[in-house]
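As structure tokens, the structure follows; a few thoughts come after it.
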Amino acid sequence: MAVLNEEQSMLRDAAKSWVQEKSPVTAFRKMRDSGVELGYDAAAWNEQAEMGWAGVIIPEDFGGSNFGYLSMGLILEEMGRTLTASPLLASGLAAASALILGGDDAQKGEYLPKIADGSLVATLAVDEGAHHAPEKVALEAKKSGAGYTLNGKKTFVLEGPGAGLLIVSARTSGKPGDKDGISLFLVPADAKGVTKQNLKQADSRGVSNISFDNVEVSADALLGAEGKGWDVLEATLDRARAGVAAEMLGAAVQAFETTLDYLKVRVQFGQVIGSFQALQHRAAKMFTDLELARSAVEAALAAIDAGSPDVPELVSLAKAKMGDVFHLVSNEMVQMHGGIGMTDAHDAGFYLKRARAAEAAYGSQSYHRDRYARIQGY
């Protein structure tokens, strides 16, 4: 477990206290049952923003606290425990990272303070197919007068229903699959020609398929250099991947602890089922896997804060490992609870559904194993 400084300990304790009191799993169930299109509770999001969580990685000059990515990971881990649905990952981490890494002073000054205070939800619009493939950009951006015209589509944009700003990857040259020729644009979600089709994931969170039909943006909407957006995009995605891995860690730990508690009280054949050696072995495997996953996640977040050149491989290692572990633990949670674990009345299904959605977010286990192997030169 990472050694935390005083500020990080206070931040973690505050997050733990808030999610347990204000955002338990019953709050998620209530939000799910309400059918709210956003896929999160707006009032709860406002409280998160008031506590400064949306500005944790944002420099103080732009309204944030600049506490870093490990600090953000601590918050996301606590939110993961209670399945708190929130745009914090997509907006306060992913979109804010893109602006920090690629934005000029004017762009940072315009958008980062609004992201930090929660008044603006921003998100990345990257993928165009069923699977994560950020280099396969076909959405076209053509120079038009003093600006650009965008045509194409994006799929499964996280927090798309509530987003006011889209950070869109577009192709200004080359062909899908080329890393050169990708540019990033800041596009207001209400711009003329932008059409959202809002969807609900299996975990009840909001995503959008978004069409861009002759969307005109000015030259100052370009984030970074034209055709050179890949490096910013890749670094941004690595930060988002580490963040979702941290959230998955919290959810998996909670799923394990809930299951362990059940094994200690459920009686079958006249014995507490936790006394059965077969179940003890399965619980021991989950525990050791969670400890390994925690080390991987914290190493990735710390590497980002340290500016380490090892960030890509550490992030892919963490996302792949965390995906495997959350997949296992959520399955075991349902199976070890028996019939009640299959019902909607029990929370086990929520953790299993969140596991499947989070595994796919910003790259599945297969994507990150392949990426890790390529980085290692296999």
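The values are calculated or read from the model by the stated rules, or taken from the named source; none is laboratory data. Everything numeric here is computed off the predicted structure, so don't read it as measured data. A quick note on method: Cβ atoms are made from the backbone with ideal geometry, for glycine too, and the neighbour counts reach across all protein chains shown. SASA here: full protein model, heavy atoms, side chains in, ligands and nucleic acids out. Shrake-Rupley method; radii C 1.70, N 1.55, O 1.52, S 1.80 Å.
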Report task. Please give the contour-minus-distance gain from Glu110 to Glu6: 0.36 nm per residue of separation, less the Cα-Cα distance, rounded to one decimal in nm. Result -> 34.3 nm
Report summary line: Length-normalised contact order of the chain, Cα under 8 Å, at least 6 apart, in percent, tallies to 16 percent
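Over the stretch 153-294, what is the relative contact order in whole percent, taking alpha-carbon pairs under 8 Å and six or more residues apart?
Details: 179 pairs, mean separation 29.3, N = 142.
Dividing the mean separation by the residue count of the stretch 153-294 yields 21 percent.
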Query raised in the report: How much space per residue, in cubic angstrom, does the convex hull of the C-alpha atoms of the stretch 143-232 take up?
Result: 98 Å³
Report summary line: In the neighbourhood of Lys228 defined by beta carbon distances under 13 Å, the net charge of the other residues (Lys, Arg +1; Asp, Glu -1) is -3
Query raised in the report: Quick one, which of (1) 36, 21, 20; (2) 69, 25, 20; (3) 39, 29, 18 is the actual semi-axes √(5λ) of the Cα gyration tensor in Å calculated for this model?
Result: (1)
Query - Helix axis angle, 105-116 relative to the chain longest principal axis, alpha carbon, degrees - result: 30 degrees
Report task. Determine the alpha carbon to alpha carbon distance for each of Lys196/Lys353; Lys136/Lys319; Lys22/Lys264 and list only those over 26 Å. Result -> Lys22/Lys264
Report task. Please work out the Cα center distance from the stretch 27-46 to the stretch 345-378, rounded to the nearest Å. Result -> 24 Å
Report summary line: Rounded to the nearest 10 degrees, the helix 25-34 long axis (Cα) sits at an angle to the longest Cα principal axis of the chain of 60 degrees
Query raised in the report: Could you give the dipole magnitude of the stretch 196-346 about its Cα centre, charging the beta-carbon of Lys and Arg +1 and that of Asp and Glu -1, in debye to the nearest 20?
Result: 740 debye
Query raised in the report: Carbon and sulfur atoms: what percent of the 1.4 Å accessible area of the chain do they account for?
Result: 52 percent
Query raised in the report: If Lys and Arg each add +1 and Asp and Glu each add -1, what is the summed charge of the other residues whose beta carbon sits under 13 Å from the beta carbon of Leu38?
Result: +1
Query - Mean Cβ neighbour count within 10 Å, used as a protection proxy, ranking 295-302, 274-281, 368-375 highest first - result: 295-302, 368-375, 274-281
Requested in this report: Can you pull a Stokes-Einstein diffusion coefficient for the stretch 159-296 at 37 °C (0.692 mPa s), Rh from Kirkwood over Cα pairs, as a whole number of µm²/s?
Outcome: 171 µm²/s
Query raised in the report: Once the principal axes of the Cα atoms of the stretch 6-80 are found, what is the range along each, listed largest first in whole angstroms?
Result: 38, 24, 16
Requested in this report: May I ask for the percentage of alpha-carbon pairs in the stretch 1-148 that lie more than 20 Å from each other?
Outcome: 55 percent
Requested in this report: Rank by packing, highest mean first: peptides 28-35, 12-19, with packing defined as the count of other Cβ atoms within 10 Å averaged across residues.
Outcome: 12-19, 28-35
Query - Per-peptide average of other Cβ atoms within 10 Å, ordering 266-273, 167-174, 360-367, 240-247 highest first - result: 240-247, 167-174, 360-367, 266-273
Query raised in the report: Ratio of Rg to Rh for the stretch 219-283, alpha carbon only, Kirkwood?
Result: 1.46
Query - Accessible surface, per residue, of the stretch 76-209 when the full set of protein chains is kept, probe 1.4 Å, Å² - result: 35 Å²
Requested in this report: Find the relative contact order for the stretch 321-378 and round it to a whole percent, using C-alpha pairs within less than 8 Å whose residues are 6+ positions apart.
Outcome: 35 percent
Query raised in the report: Considering only the other residues whose Cβ falls under 12 Å of the Cβ of Ala202, what net charge follows from Lys and Arg at +1 and Asp and Glu at -1?
Result: +4
Report task. Taking the dipole about the Cα centre of the stretch 230-281, with the C-beta of Lys and Arg at +1 and of Asp and Glu at -1, give me whichever of Val253, Gly243, Phe269 is farthest to the positive side. Result -> Phe269
